[in-house]
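Below is one structure; the comments refer to it alone.
The values are calculated or read from the model by the stated rules, or taken from the named source; none is laboratory data. Since this is a predicted model, take the numbers as computed values, not measurements. All Cβ positions, even for glycine, are placed from backbone atoms using ideal geometry, and neighbour counts span all protein chains on display.
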Amino acid sequence: MKKLLFLAIIAFSFATTIYGQNFYGGLVAGGTMSQIGGDGRGGFHKVGIVGGAFAGLKLNEDFDIQMELKYIQKGSLSNDFESFPGSDPFLIKLDYIDLPIVMSYNLNKININDVNLKWMKLEFGLSLDVLVNARQKILGQIVLSDPWNRLVVNTVLGVRVDVRENLEVGLRSINSMTSICPVSKYPYNNGVVNYVRRLFPFYGMFNDVVQLSIYWKI
């Protein structure tokens with residue numbers, strides 16, 4: 001894991017130094033709302049932060065490709081006192097180093113009511129999460145076990161809009177493709193959580209995140 005992070009940082013630093021006509025870089029900061037599919041709870045109640053840097057390459061007038069290196073907070077939070085009276089909130093706090101590679105498509109060829117949408121981009125891509133910190137609390141008790149996978153692969157879908165010349169606001173949906181914990185053949189696990197299944201034949205738990213952030217090109 002340390003080698004992976006080191007190589008990613010070196011590659012990112014190299015990309016940001018190649019600051020030519022079609023290259024750009026900058027900083028990103030914002031917030032997240034998240035839930036975990038398969039934890040037996042629901043709702044985007046866990047609030048977190050995201051921050052880091054990005055480097056991009058403008059391929060042509062329609063497409064950009066962008067690499068990012070970010071710290072992002074994910075997890076799950078439930079205040080279901082009706083089901084668990086007198087208890088503290090159920091909490092899963094997962095902090096990652098996030099390494100997305102995202103392709104963006106500029107809507108400059110689309111007009112709506114004679115308004116050109118060149119100020120809007122659609123995003124799609126993949127990201128790799130590296131877990132750096134985890135904490136779990138159930139019924140007021142800290143859970144000492146550490147069942148979390150260190151590496152998680154996610155899909156990234158989003159939209160970005162120009163606010164001013166070097167400032168953009170982006171909204172993303174980030175959903176894990178691979179389980180954030182060891183998988184099971186069965187949806188019911190240890191009498192506590194109900195695992196779910198996504199792309200693969202096994203059941204597990206998956207991060208679902210909504211990210212709102214500001215991109216500042218420098």
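Yes/no per residue for (1) modelled with pLDDT under 95; (2) under 18 Å from Leu131 (Cα atoms); (3) surrounded by fewer than 16 Cβ atoms within 10 Å (Cβ to Cβ):
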site	(1), (2), (3)
Val169	no, no, yes
Ser179	no, yes, no
Pro182	yes, yes, yes
Ile218	yes, no, yes
If we scan the stretch 120-139, do we find a residue that is modelled with pLDDT under 90, of a type in the set (Val, Ile, Thr) and on the phi < 0 side of the Ramachandran plot? yes
Is the stretch 140-150 home to any residue that is modelled with pLDDT under 95 and more than 19 Å from Gly40 (Cα to Cα)? yes
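Does Leu57 fit the bill of being at pLDDT 90 or above and under 18 Å from the mean Cα position of the chain (by Cα)?
Working: at pLDDT 90 or above: yes; under 18 Å from the mean Cα position of the chain (by Cα): no.
For Leu57, the condition - at pLDDT 90 or above and under 18 Å from the mean Cα position of the chain (by Cα) - is not met.
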Can you confirm whether the stretch 199-210 contains a residue that is touching a residue at least 12 places away in the same chain (Cβ under 8 Å), surrounded by fewer than 18 Cβ atoms within 10 Å (Cβ to Cβ), assigned to a strand (DSSP E or B) and over 20 Å from the mean Cα position of the chain (by Cα)? no
Among (1) charged (D, E, K, R); (2) more than 22 Å from Leu167 (Cα to Cα); (3) assigned to a strand (DSSP E or B), which single condition is Arg41 missing? (3)
For the stretch 112-131, which residues satisfy the criterion of being surrounded by fewer than 14 Cβ atoms within 10 Å (Cβ to Cβ), in contact with a strand residue (DSSP E or B) (Cβ under 7 Å, 6 or more places away or on another chain) and either over 14 Å from Gly170 (Cβ atoms) or in contact (Cβ under 8 Å) with a residue 60 or more places away in the chain (or both)? Asn116
